[in-house]
Structure formats: C-alpha cells, structure tokens
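The values are calculated or read from the model by the stated rules, or taken from the named source; none is laboratory data. In this text, all values refer to a predicted model and were calculated from it rather than measured experimentally. We place every Cβ from the backbone using ideal geometry, glycine too, and count neighbours over all the protein chains shown.
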Amino acid sequence: MLKVNGINVFYEDLQVLWEVSFEVKEKEILVLVGANGAGKSTTLKTISSLLTPKTGTIEFNGIRLDQLPPNKIIGHGIVHVPEGRRLFPEMSVEENLIMGSLYGEAKTQRNETIEYVYSLFPRLQERRKQMSGTLSGGEQQMLAVGRGLMSRPKLMMFDEPSLGLAPILVQDIFDLIKKINQEGVTILLVEQNVTQTLAMCDRAYVLENGRNVLQGTGQELMANDHVKEVYLGI
Amino acid sequence: MKKNHLFLISLGILFLIFPLVIHSHYYQHLVIIIFMWVVIGSSWNLLAGYTGQVSFGHAIFFGVGAYTAGIFASKLGISAWWGMAFGGIFSMLVGLFVGWVCFRLRGPYFALATLAGGEIIRLIATNWESLTDGMVGILIIQSFKSKLSYYYIALALALACIYTIRIIMKSKWGYYFVSIREDEDAAASLGINTTLYKNVSLMVSSFFTGMAGAFYMNYMAFIDPEVVFSLHYISIMAILVGIVGGVATIWGPAVGAFVMVGLQETFRSSFFGLAPKWISQAHALVFGLLVIFVIMFLANGIVGDWPKIKRNVFRIKPLSS
C-alpha cells in the first residue's frame, strides 16, 4: 500500500535518514521502533511531506507522494497524528474535529464521522464546546486521534501516541488503535514503548541511527537477541 | 447579547452625530486620526493576531497606499481620491510580493524580514526622486475645507474594515487563519494550503492599510517618506494599537486606537498645555512603560482581558452559582 524506497533525508546539511526502506501492507499494523534520535518521527514527517527526501521515493497505491506539498497528502487518504498531539489549543473540541474534515468526501460525511468519533470517545462529546487547550493529556490524545479519523483515512500514522500518558491510558490507546485497525484502517505506528507495541503489531521494523537494521513479525523480533538486549532489557 | 447590541448601536449614533455637536476642528481631527488607526490596527490584527504572522512592517502598506494617491495627484493629475481604491490595490500587490519573500520564514524571522522590508522601502522612496520627489515630499490641495466629509469617510472606512474582518473571521477563512496561528504544520497536514492562506490574510490586511494610507494623503495633503514609511510612527504604532487593545479580538484594535492616539496627543500637547513643555519629549518613554504594563498585567489587551479588568478595577464579582 505504502512503499518507502531508500529515502535519504536531511535537516539542512545534517543527514538523519540513510536509505530507509519499508512497506506497509493493506489492513496491517506496522510498527517502527527505535531509540531517541533513530529517525522514526522524521520518517513520518517525510511521508507527510513536511520534509522532502533528497533521494528516494515514497509511493502510496502507485502515486508518488514525495514531491507533493504537505496539504495535498491528506487528500490521498493518509493522516498523521503527530507527536505531542499538535491540537489547535484555542479552538473548541468540536472545531478541532471539524478542522480534520475540510475537503472532499470527509467534508460531505462530516456529521456522520463526528457521531462516530463521539461514539468512540463519549468524553469528547461531553466537552465539545471546551477549548482543546484545557483538556487533560489523555483527552487531548483522544481528540488528536479523533481529528485524524475525521478525514476518513485509509492509512493512519501515529507518532508516539503513548507519550506522556499514564500506563493505564497507554493500554487504552493501544486497544483503540487495534479497534480502528479492525474497522479496516491501515496503521503505521511509531513507538518507543517496544514491549507493548511488538505484542500488538503484525510486523515491525527497527530503526537505529537513521537506518533500518531489522525487520520481521512482532513475535520474531521479540525473540531476536539484539532486540532483547537493546530494547527489552533481558 | 441584547445589551451588547444596544451598546454598539448607541456608540454608532454617538459617532454619527459627534461632528455635528462638537464643532471644534481640533477634536474632530483627533477622532479622524483615531478612525484611521482603527483601520491600520484592525488590519495588523488580522495578520498578526488571527493568523499569527507578526508584522513589523505595516508602514510598507500604509506608505504605498499614501504614495499611490500622492503620485496619482502630483504626477498624473488624477484626483487623489482614486488613490483610495488604487492605493489599496497597489498595497495588496506589494503585500503579495512581501509575502512571496517573507513567508518563507516563520515566527521571529518573518517579523525581522518585514522590519527590514519597511526600511528598504523607506529608503527607496527617499532616493527615487523622479517618482516620489524624495524628502521634499508630495503636497496636494485638500478637496474639502470642512472636516465633516473626511470624518464620515474615515468612519465609513473604519466600519467597513471591522465589518469585513468580522465576516472573514466567521467564515472558514477565519478557521484556517487561526489554525495556522496555532500550529502551522498541523494545519498543513490537515489539508490547508498554509502559504496560500497566509497570503490571503496578508492581502486583506495590506489592502485596508493601503486604503488608510491613501486616506491619510487626501486628508493631510502632505506626505514624505519619513512620515508614511516611519518605523516608529506607523509600524510600531500599529503593533501597539493591536497589543494594547487586544490581539485577536474584533474590537481590540479599535479600543487600542483610542487609547494610543489619545495618549500620544496628550503627551504631544504636554497635557493640553497644562504641564511643562518637556513632558512632550517623554511620550516614547511612556509608550514603553505602557507596553510593559500591558504585557505584565493585561497580556490579552484591554478587550481580551476585559473580564479581568471588571473584576479587579470595578470590583464586580461574577455571580457564584
């Protein structure tokens, strides 16, 4: 579905991704794991066109994404739920959700999708007139996910959705991602929370210092000695 | 809500009959200048307050508007009133160019680029003597003897500006602008063409500022680059009007214009002749203190922090529920 072929990405002169390649298959949950600075978020930002690869290509169902401006990406059915949620704090919950459905099909189906999001997150409905900046961390994460769902995506990319959440909420968020996946949305997840994500994913890639070093199913990687030593601490 | 409307209507009537009751040219002049600043402050606020692109160079658009009207009259012999329309349009085109250059930058870098832009265009206007007559300036003959016509033109311009911004902010453009201010990358990821909408905001803002500039030319009948492209008297004043009144509020810049022009005039005239002359030198100092005060205690400006002012100054407590 999504093919990333050998991308090299730079911040000015500093190269952060070196020939990164991977493929996301339809309806699966794919995880990119890695330590701080491994290039996980950079990879997602590049898919969203917030960064442009110097060489290499990104294809989504046969369409080249790497030369498009960032605002054209969502129209192809890809939505990015960014790290740190990146809500519009001085807009209400409902306005944030509406901002997720500005164009095309998402706009015509806005009311149904809002109902769907509220059925997933009754808390958001209770607070729909409240400024999103005043929500708690967990509620803000729900809203970020909800805003992503509003565009009716085919592929959802989550950047560290568990960041800053209490352990009990972390499990909720992962259950939720699974639920969204079961309804037919392909998931690309970036996480540092290796144990829990490897357990829930179909396949995973390990990034280190901007390069892919390992790939396999979640089970395979959990059994891998390198992963055990570096990420799981066993 | 009803109370609010009543207040606005009575305020409107007050301004409509003001020059018919108060015949003093001095006070009429002050209110005309205030209306002009309402336009500039509101335009600045659309770009800086709502769209989050803080401009330190609104003198660019004010000056281009004024010079369009002035050059129309002095070089082409066309009434400077045509400059009202064309000044806005030319300003908008200059705005588009400024946006093309400066919107590659974000945050403080954008602000610095507009600051530099203002100085560049001031120097161009000073040195391009065949077009602008340089420091000699442009002098035209006023169309009306009485201040009454100018008063109503300025009032109409101020109302049109506020009303337009109000409509824009209630439309989807308004949501796009605010989302760009709040988080530009997130806005782009949700499908908003952020470059386009930053330019739209800049163009509306520069259009009205240019009209205010053209009005200034018609009204004052004399301009030179040091006045209309001034960093201190135009660009910074536009920011002060916005900040003191209330950034990202519809009525904030209007209130700010009253406060700032009032203060400026009070100091310029040494408290209307009551205080010693040297006081008039202190106005820049007082502006500085005012900014510190506003940032410390009224970060959202007079309009934005009105509930706080009511609570603390008038000791009106909200009803406990």
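Reported count of residues in the stretch B:239-282, each being buried (at least 16 other Cβ atoms within 10 Å of the Cβ) and out of contact with any helix residue (DSSP H, G or I) (no Cβ under 8 Å at 6 or more places or on another chain), is 1.
Listed here are the residues, each with its yes/no results for (1) buried (at least 19 other Cβ atoms within 10 Å of the Cβ); (2) touching a Phe, Trp or Tyr at 6+ places or on another chain (Cβ under 9 Å).
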{"position": "A:19", "(1), (2)": "no, no"}
{"position": "A:48", "(1), (2)": "yes, no"}
{"position": "A:91", "(1), (2)": "yes, yes"}
{"position": "A:111", "(1), (2)": "no, no"}
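Which residue, of B:189, B:270, B:230, is free of Cβ contacts under 8 Å to residues at least 12 places away in the same chain and within 30 Å of residue B:146 (Cα to Cα)?
On the way: B:189 fails: within 30 Å of residue B:146 (Cα to Cα); B:230 fails: free of Cβ contacts under 8 Å to residues at least 12 places away in the same chain.
On inspection, the qualifying residue turns out to be B:270.
Would you confirm, using the coordinates I've provided, whether residue A:50 is in contact with a Pro (Cβ under 6 Å, 6 or more places away or on another chain) and under 18 Å from residue B:190 (Cβ atoms)? Criteria met by residue A:50.
Residue-level check: of (1) crowded, with 21+ Cβ neighbours inside 10 Å; (2) farther than 21 Å from residue B:218 by Cβ, residue B:87 misses just (2).
Taken together, the criteria exclude residue B:6 from residues that are in a helix (DSSP H, G or I), aliphatic (A, V, I, L, M), out of contact with any His (no Cβ under 6 Å at 6 or more places or on another chain) and surrounded by 16 or more Cβ atoms within 10 Å (Cβ to Cβ). Quick check on the stretch A:64-84. Is at least one of its residues more than 9 Å from chain B (Cβ to nearest Cβ), over 25 Å from residue B:179 (Cβ atoms) and out of contact with any Pro (no Cβ under 9 Å at 6 or more places or on another chain)? Yes, some residue in the stretch A:64-84 is more than 9 Å from chain B (Cβ to nearest Cβ), over 25 Å from residue B:179 (Cβ atoms) and out of contact with any Pro (no Cβ under 9 Å at 6 or more places or on another chain).
Residue A:197 meets all of the listed conditions (1) in contact with a Lys or Arg (Cβ under 8 Å, 6 or more places away or on another chain); (2) within 12 Å of residue A:30 (Cβ to Cβ); (3) not aromatic (Phe, Trp, Tyr) but one, namely (1). Identify, please: which residue in the stretch B:173-193 is under 15 Å from residue B:106 (Cα atoms) and more than 7 Å from chain A (Cβ to nearest Cβ) and is, among those, surrounded by the most Cβ atoms within 10 Å (Cβ to Cβ)? Per the stated criteria, the residue is B:177. All conditions but one from (1) within 14 Å of chain A (Cβ to nearest Cβ); (2) under 18 Å from the mean Cα position of the chain (by Cα); (3) not small (Gly, Ala, Ser) apply to residue B:231; the one that does not is (1).
Considering the stretch B:54-77, the residues that are of a type outside the set (A, V, I, L, M) and not in a helix (DSSP H, G or I) include one that is nearest to residue B:43 (Cα to Cα), namely B:55.
In the stretch B:285-305, the residue that is nearest to residue B:232 (Cα to Cα) out of those that are in contact (Cβ under 8 Å) with a residue 24 or more places away in the chain, out of contact with any Phe, Trp or Tyr (no Cβ under 7 Å at 6 or more places or on another chain) and assigned to a helix (DSSP H, G or I) is B:287. For the stretch A:34-55, the criterion of being within 30 Å of residue A:126 (Cα to Cα) and either away from chain B (no Cβ under 14 Å) or part of a helix (DSSP H, G or I) (or both) is satisfied by no residue at all.
Give me the pairs, please: first residue somewhere in the stretch A:165-186 and touching a residue at least 60 places away in the same chain (Cβ under 8 Å), second residue anywhere and of a type in the set (Phe, Trp, Tyr), beta-carbon distance under 7 Å, and either six or more positions apart or on two chains. Taking only residues 6 or more apart or on different chains, the pairs are A:177/A:158. Being within 25 Å of residue B:233 (Cα to Cα) and not aromatic (Phe, Trp, Tyr) holds for only one residue in B:105, B:112, and it is B:112. Applying the condition of being touching a Phe, Trp or Tyr at 6+ places or on another chain (Cβ under 8 Å) and under 24 Å from residue B:296 (Cβ atoms) to the stretch B:222-238 and asking which residue is surrounded by the most Cβ atoms within 10 Å (Cβ to Cβ) yields B:238.
This table checks each residue for (1) modelled with pLDDT under 95; (2) surrounded by fewer than 24 Cβ atoms within 10 Å (Cβ to Cβ).
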residue	(1), (2)
B:16	yes, yes
B:33	no, yes
B:44	no, no
B:59	no, no
B:62	no, no
B:66	no, no
B:107	yes, yes
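Answer with yes or no whether residue B:247 is among the aliphatic types (A, V, I, L, M), within 17 Å of the chain's Cα centre (by Cα), outside any loop (DSSP other than H, G, I, E, B) and at pLDDT 90 or above. No. Within the option set A:40, A:3, being of a type outside the set (Val, Ile, Thr) and touching a Gly at 6+ places or on another chain (Cβ under 8 Å) holds for one residue only, A:40. Where helices (runs of 4 or more DSSP H) sit wholly within the stretch A:137-201, those with at least 1 residues that are more than 14 Å from chain B (Cβ to nearest Cβ) and farther than 24 Å from residue A:218 by Cα occupy A:137-149.
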